[in-house]
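These notes concern the structure reproduced below.
The values are calculated or read from the model by the stated rules, or taken from the named source; none is laboratory data. Fair warning: this is a prediction, and the values are worked out from it, not measured in the lab. All Cβ positions, glycine included, derive from the backbone under ideal geometry; neighbour counts span all protein chains shown. SASA here: full protein model, heavy atoms, side chains in, ligands and nucleic acids out. Shrake-Rupley method; radii C 1.70, N 1.55, O 1.52, S 1.80 Å.
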Amino acid sequence: MNEYKINITFPSGKTIQAKQGVRACDFLEELGAPRDEIFAVRVNNEICSLNRALIVDSVLEGVLKSDKDGSEVYRRTLCFVLAAALHNIASEKHLVIGHSLGYGYYYTLQNGEEISDELIAALKNELASLVEKNLPIETHFISYDRAVKTFESLGLTETRKGMNYKCPTRIQMNTIVVNEGTADEQRIFTDLYYGPLLVSTGMLKVFDLVKYRKGFLLRFPTSAKPDEISEFHDVPVLSEIYERYKNWGKQVGVVTVASLSELVSKRKANDFINITEVFQQRCISEIATRIQSRGKVRLVLIAGPSSSGKTTSAKKLALELEAIGYRPKVISLDNYYVGRENNPKDENGNYDYECLEALDIELINNNLVDLLDGKVVDIPSYNFTLGTREYKGKTMQLGESDILIMEGIHGLNDRLTPLVKSEYKFKLYLSALTQLNMSEHNRISTSDNRLIRRIVRDNNFRGKSAAETISMWDSVRRGERLHIFPFQNNADAILNTALDYELSVLKIYAEPLLRCITPSQREYSEACRLLRFLDAFPLIPAEAVPTRSIIREFIGGSAFKY
């Protein structure tokens with residue numbers, strides 16, 4: 001019988017025939033980059049491990065360490081080898097991954113104990129030792145029953161619980177041999193991760209472990225500077241908010257997707273939704289009380305990254321302020337775009353609507369000063385179709401009990417409102433900081449949460465496909481890193497807009513949109529990653545979402561008018 005041949009096409013355009021089942025790593029020399037800079041490979045626009053066997057005609061492209069996707073592979077692998085290092089030196093202890101902070105992940109112990117400096121030092125040494133040994137990382141499948149036993153033996157209780165609600169016949173696992181010796185003496189570490197890893201530990205050349213609060217930060221390089229660790233900039237108020245929500249999750253017994261699945265299976269999802277919404281509303285009420293306690297505040301500036309729920313949060317805060325005696329009025333910074341003719345462009349020649357200079361700062365400040373002086377002001381609107389500012393007869397005047405709420409991405413930047421006295425301003429930062437984890441060692445990215453929100457909203461209300469939203473997401477994220485995140489510490493308060501049940505609702509809308517992206521599209525790799533991510537979540541019908549929930553901003557049916 002003749003061997004089946006497949007066609008393999010490289011970035012240069014060169015195509016060869018090869019035996020079915022060859023591995024992607026057999027062709028590193030053809031990928032147009034140094035071997036040590038290739039962290040993974042795109043196979044027909046799906047990001048795969050370099051050990052991936054090629055079984056159909058394949059277009060290959062290297063995923064480099066300087067790529068965003070390469071950075072994700074690096075970070076995921078670093079987390080895996082860290083777990084292996086702890087298992088090697090203290091198998092009775094179990095780490096839990098938390099939120100990201102300053103190009104690092106915050107880790108704590110599962111039992112809540114503080115991690116000692118001695119353990120951090122030992123863990124760092126063991127991690128360095130595993131990297132120095134350059135151990136191969138194997139990806140393989142095991143049976144459901146074997147996976148259950150593996151997670152039980154490793155003490156991964158939440159990962160094990162997840163197997164009660166997702167029951168495939170085989171599970172893809174990652175494995176390394178964590179110490180030397182004869183076959184009988186070898187210790188093998190196996191764990192589950194939702195994406196490809198590097199093929200060897202020796203590729204993890206840059207990392208650090210730094211004591212932080214009760215745990216430590218596992219720090220890693222940026223994609224822009226993949227060979228160095230950047231300077232750490234703490235955002236303590238963000239960590240405090242996250243810790244508050246993490247403690248709340250423990251109190252209500254929902255800390256992972258498996259916990260959420262358990263609630264759904266027991267028909268308790270509606271109760272959890274109500275508790276979640278009430279807790280978030282309570283946080284908004286506390287912020288309103290803080291504004292009142294400041295006495296002189298006349299302007300509330302709300303900022304946050306894309307799809308953080310700024311519009312709905314502004315409306316919900318307005319209700320809370322009204323309940324304690326204010327008469328709130330809301331203005332969007334979008335009304336003050338300079339117009340397409342005057343809008344700055346980025347390095348690629350595209351309009352940069354994220355930069356501060358895209359707004360008419362002079363007009364904003366003149367209007368604010370006049371409003372605070374009690375004058376009547378003509379409020380502009382912006383025609384996004386024509387790219388021009390318009391006046392439609394809308395006026396505004398602030399009375400003695402009035403308070404102005406202005407939302408937009410630059411609210412925390414003092415350059416936005418230099419003519420307004422600081423005692424008149426209250427700055428509120430929004431972040432979708434879900435406290436849920438996928439499992440003990442797999443986190444849920446705030447960015448992923450917001451991206452799925454935006455995919456759903458853009459399709460529902462702006463007629464955009466999932467591919468179009470994904471294609472512009474890197475540009476959106478770049479704008480956030482430049483214009484929002486550097487000013488987080490300027491916030492007087494932070495509101496967490498994530499709702500721990502929301503991805504189970506958004507999944508219903510997002511999955512069909514993501515499945516429409518074909519392997520011939522560049523966005524296919526991101527669609528595959530998001531579909532793997534969403535697959536772990538149970539379904540919750542949209543009918544269960546309250547009409548005043550932030551989620552209604554993205555799926556429709558809100559009691560608020562936008």
Filter segment 210-224 for residues that are assigned to a strand (DSSP E or B), in contact with a strand residue (DSSP E or B) (Cβ under 7 Å, 6 or more places away or on another chain) and open to solvent by 10 Å² or more (accessible area, probe 1.4 Å); which is farthest from residue 82 (Cα to Cα)? 212
Only one of 33, 85, 18 is assigned to a strand (DSSP E or B) and either small (Gly, Ala, Ser) or open to solvent by 20 Å² or more (accessible area, probe 1.4 Å) (or both); which? 18
Could you please let me know if residue 356 is of a type in the set (A, V, I, L, M) and open to solvent by 60 Å² or more (accessible area, probe 1.4 Å)? no
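Residue-by-condition table, conditions (1) touching a residue at least 12 places away in the same chain (Cβ under 8 Å); (2) more than 29 Å from residue 96 (Cβ to Cβ):
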{"position": "396", "(1), (2)": "yes, yes"}
{"position": "408", "(1), (2)": "yes, yes"}
{"position": "411", "(1), (2)": "yes, yes"}
{"position": "418", "(1), (2)": "yes, yes"}
{"position": "422", "(1), (2)": "no, yes"}
{"position": "453", "(1), (2)": "yes, no"}
Segment 318-343, subset hydrophobic (A, V, I, L, M, F, W, C) and part of a loop (DSSP other than H, G, I, E, B), residue modelled with the lowest pLDDT: 338
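Matching residues to (1) of a type in the set (Lys, Arg); (2) farther than 25 Å from residue 49 by Cα; (3) at pLDDT 95 or above:
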position	(1), (2), (3)
163	no, no, no
178	no, no, no
184	no, yes, no
193	no, no, no
203	no, no, yes
Within segment 422-446, of all residues that are assigned to a helix (DSSP H, G or I) and out of contact with any Lys or Arg (no Cβ under 9 Å at 6 or more places or on another chain), the one surrounded by the fewest Cβ atoms within 10 Å (Cβ to Cβ) is 422
Just checking, how many residues over segment 344-366 are more than 14 Å from residue 419 (Cβ to Cβ), part of a helix (DSSP H, G or I) and not hydrophobic (A, V, I, L, M, F, W, C)? 1
Look at residue 351 and say whether it is open to solvent by 70 Å² or more (accessible area, probe 1.4 Å) and either modelled with pLDDT of 95 or more or farther than 22 Å from residue 299 by Cα (or both). yes
Flag if residue 449 is closer than 30 Å to residue 507 by Cβ, in a helix (DSSP H, G or I) and touching a Gly at 6+ places or on another chain (Cβ under 7 Å): no
Kindly indicate which of 414, 402, 370 is over 16 Å from the mean Cα position of the chain (by Cα), modelled with pLDDT of 95 or more and open to solvent by 20 Å² or more (accessible area, probe 1.4 Å). 370
Selection within segment 373-395 - of a type outside the set (Phe, Trp, Tyr) and either part of a helix (DSSP H, G or I) or open to solvent by 90 Å² or more (accessible area, probe 1.4 Å) (or both): 373, 375, 376, 378, 385, 386, 392, 394
Cβ contacts < 6 Å: first residue on the phi < 0 side of the Ramachandran plot, restricted to segment 82-103; second residue part of a strand (DSSP E or B) and β-branched (Val, Ile, Thr), any location; separation 6+ or different chain. Result? 84/176; 96/108
Tell me, which residue of segment 231-262 that is farther than 24 Å from residue 211 by Cα and aliphatic (A, V, I, L, M) is surrounded by the most Cβ atoms within 10 Å (Cβ to Cβ)? 257
In segment 281-317, residues that are of a type in the set (A, V, I, L, M) and part of a loop (DSSP other than H, G, I, E, B) total 1
If we only count helices (runs of 4 or more DSSP H) wholly inside segment 457-553, which ones have 1 or more residues that are touching a residue at least 40 places away in the same chain (Cβ under 8 Å) and in contact with an Asp or Glu (Cβ under 7 Å, 6 or more places away or on another chain)? 466-483, 524-535
Given the conditions (1) under 24 Å from the mean Cα position of the chain (by Cα); (2) more than 21 Å from residue 424 (Cα to Cα), report the number of the one that residue 313 does not fulfil. (2)
Could you check, for segment 50-68, whether at least one of its residues is touching a helix residue (DSSP H, G or I) at 6+ places or on another chain (Cβ under 9 Å), part of a strand (DSSP E or B) and without any contact (Cβ under 8 Å) to a residue 24 or more places away in the chain? no
Residues in segment 117-133: is at least one in contact with a Leu (Cβ under 8 Å, 6 or more places away or on another chain) and part of a loop (DSSP other than H, G, I, E, B)? no
Please specify each residue of segment 368-394 satisfying the condition of being of a type in the set (Lys, Arg), closer than 13 Å to residue 335 by Cα and without any contact (Cβ under 8 Å) to a residue 40 or more places away in the chain. 392, 394
For segment 111-132, state whether one or more residues are touching a helix residue (DSSP H, G or I) at 6+ places or on another chain (Cβ under 8 Å), open to solvent by less than 50 Å² (accessible area, probe 1.4 Å) and within 24 Å of residue 537 (Cβ to Cβ). no
Of a type in the set (Gly, Ala, Ser) and closer than 30 Å to residue 234 by Cα: is that true of residue 493 in this structure? yes
Go through (1) within 30 Å of residue 492 (Cβ to Cβ); (2) touching a residue at least 12 places away in the same chain (Cβ under 8 Å); (3) open to solvent by 10 Å² or more (accessible area, probe 1.4 Å) one by one and return the number of the condition residue 227 breaks. (1)
Counting only residues that are in contact with a Gly (Cβ under 9 Å, 6 or more places away or on another chain) and open to solvent by 50 Å² or more (accessible area, probe 1.4 Å), which one in segment 36-67 is farthest from residue 518 (Cα to Cα)? 37
